[in-house]
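The values are calculated or read from the model by the stated rules, or taken from the named source; none is laboratory data. Bear in mind that the values here come from a model prediction, so they are computed numbers and not experimental data. Cβ sites come from the backbone with ideal geometry, for glycine too, and all protein chains shown count toward neighbours.
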Amino acid sequence: MIKTSEVLRMKNIIGMSLVEKELYNILKGSHKNTSRICKNLIVSGGKRIRPALVLCTSQCFGKLNKEAIKGAAACECIHMASLVHDDIIDESLMRRNQPTVNAKRGNYTAVLVGDYLFAKAFEILSKNNLIRSMEVVVDAISKMCDGEIFQAENKFNLEQTNKDYYNRIYQKTGVLLSACTQVGAISANAQEEEINAFKLYGENLGYAYQIIDDILDFTGDEKILGKPIGADLVEGNITLPILKLMEQGKYKDWLKEIFEKGLIKEKYNGIIKLLKDSYVLEESYLEAELCVKKAKGALSSIEDSIYKELLLGIADKILIRKY
């Protein structure tokens, strides 16, 4: 059997090349500028976690099929579309060390590119009659939009609770990862309890991924992350480390004053030092570890295979990622 560590280093998970081909195929017939912009997004790549989740989940139940490949391509289109729209909302100029679509082409074009990719995702699912998968994906997109609205309306709001935070990161990250694993299971005609097991795996994977992302916002390397450090804090997005710092009463009033007076940029270094000295980053990491444990536990009833091993390895790898 191939070791999980070796599989994780493989650039081409079985079926990924077919997903890449599908992503390029959907651009045929589009305007040359639309095609060029979307090809640049595909080439910039990212980690391809979402299609990998679809492919690996599907192959936990047997040989790779066309439905899984189509579903994986649709999920990656949705992910790319959401990133384009996120960059517009956040006014981000860089992603993965490259200028964003809105930075290069303006918001007008960026909005349309995101909409185009959403439309292509639905085209893939509808043309291949993947109705159950489409239902899961539509639900995910609606929750993602709802989460963005909540986040926008609660910027700089220090009265948020841990429950608010987990609801938000579920909608921001967990719901799409969960949709990917469900699409993979559905494509393989898995039983309902098996689909639910992968749903739970994806949700907790998303929690862990976003918590680590929120920690890296304070501790990461800009060159590795491909985006500015501290962007979330400066934009007023309240993440788990800040919530944990607020729980320590002696810092609550100090933080409130900084937020109310708009002094985040001026006090940023002091906030970072306090986060490190108060151990809230370590506490946040422990919560991410717990989420990974829950994600792996959700697959306990799934038959052992190299693909299940790979999914467990993906969960572990989230805890050591640097970008």
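Tell me which residues, restricted to the range 149-178, are in contact with a Gly (Cβ under 7 Å, 6 or more places away or on another chain), part of a helix (DSSP H, G or I) and touching a residue at least 60 places away in the same chain (Cβ under 8 Å).
Residue satisfying the conditions is Leu177 alone.
Identify the residue in the range 14-67 that is β-branched (Val, Ile, Thr) and touching a residue at least 60 places away in the same chain (Cβ under 8 Å) and, among all such residues, is nearest to Lys172 (Cα to Cα).
As a first pass, look at the range 14-67 and keep what is β-branched (Val, Ile, Thr): 14, 19, 26, 34, 37, 42-43, 49, 54, 57.
Of the ones still in play, those that are also touching a residue at least 60 places away in the same chain (Cβ under 8 Å) are 26, 34, 37, 49, 54, 57.
Details: Ile26: 26, Thr34: 26, Ile37: 24, Ile49: 15, Val54: 19, Thr57: 21 Å.
Restricting to residues being β-branched (Val, Ile, Thr) and touching a residue at least 60 places away in the same chain (Cβ under 8 Å), the top hit is Ile49.
If I filter the range 187-210 down to residues being among the hydrophobic types (A, V, I, L, M, F, W, C) and buried (at least 24 other Cβ atoms within 10 Å of the Cβ), which single residue comes out as nearest to Val136 (Cα to Cα)? Steps first, please.
We begin by selecting, within the range 187-210, every residue among the hydrophobic types (A, V, I, L, M, F, W, C); these are 188, 190, 195, 197-198, 200, 205, 208.
This time we only want the ones that are buried (at least 24 other Cβ atoms within 10 Å of the Cβ), so: 198, 205, 208.
Numbers: Phe198: 13, Leu205: 17, Ala208: 21 Å.
Here the residue is Phe198.
Which of the residues belonging to the range 49-99 are among the basic types (Lys, Arg) and either at pLDDT below 95 or part of a helix (DSSP H, G or I) (or both)?
Initial filter on the range 49-99 (among the basic types (Lys, Arg)): 50, 63, 66, 70, 95-96.
Across the range 49-99, the qualifying residues are Arg50, Lys66, Lys70, Arg95, Arg96.
Given (1) under 30 Å from Lys265 (Cα atoms); (2) under 14 Å from the mean Cα position of the chain (by Cα); (3) among the aliphatic types (A, V, I, L, M), identify the lone condition not met by Ala179.
Tallying (1) under 30 Å from Lys265 (Cα atoms); (2) under 14 Å from the mean Cα position of the chain (by Cα); (3) among the aliphatic types (A, V, I, L, M), Ala179 fails exactly one: (1).
Can you tell me which residue in the range 230-274 is nearest to Glu159 (Cα to Cα), limited to those that are outside any loop (DSSP other than H, G, I, E, B) and hydroxyl-bearing (Ser, Thr, Tyr)? Walk me through how you get there before you give the answer.
First, the residues of the range 230-274 that are outside any loop (DSSP other than H, G, I, E, B): 231-235, 240-247, 249-260, 264-274.
Within this subset, residues satisfying the condition of being hydroxyl-bearing (Ser, Thr, Tyr) are 251, 268.
Working: Tyr251: 14, Tyr268: 20 Å.
The residue in question is Tyr251.
Being without any contact (Cβ under 8 Å) to a residue 12 or more places away in the chain and assigned to a helix (DSSP H, G or I) is the filter; apply it to the range 293-323 and report the residue that is farthest from Lys199 (Cα to Cα).
Once the filter is applied, the top-ranked residue is Lys293.
Which residue out of Glu203, Glu193 is under 15 Å from the mean Cα position of the chain (by Cα), acidic (Asp, Glu) and assigned to a helix (DSSP H, G or I)?
Values: Glu193 fails: under 15 Å from the mean Cα position of the chain (by Cα).
When all the criteria are applied, what remains is Glu203.
Give the residue, chosen from Ile13, Ile49, Ile26, Ile78, that is more than 22 Å from the chain's Cα centre (by Cα), under 20 Å from Leu176 (Cβ atoms) and surrounded by 14 or more Cβ atoms within 10 Å (Cβ to Cβ). Break it down stepwise before answering.
Numbers: Ile13 fails: more than 22 Å from the chain's Cα centre (by Cα); Ile49 fails: more than 22 Å from the chain's Cα centre (by Cα); Ile78 fails: more than 22 Å from the chain's Cα centre (by Cα).
Only one candidate qualifies: Ile26.
Has the range 112-126 got at least one residue that is of a type in the set (Lys, Arg) and either modelled with pLDDT of 95 or more or in a loop (DSSP other than H, G, I, E, B) (or both)? First the steps, then the outcome.
Here is the first cut: in the range 112-126, the residues of a type in the set (Lys, Arg) are 120.
Add one more test, that the residue is either modelled with pLDDT of 95 or more or in a loop (DSSP other than H, G, I, E, B) (or both), and what stays is 120.
Checked the range 112-126: at least one residue is of a type in the set (Lys, Arg) and either modelled with pLDDT of 95 or more or in a loop (DSSP other than H, G, I, E, B) (or both).
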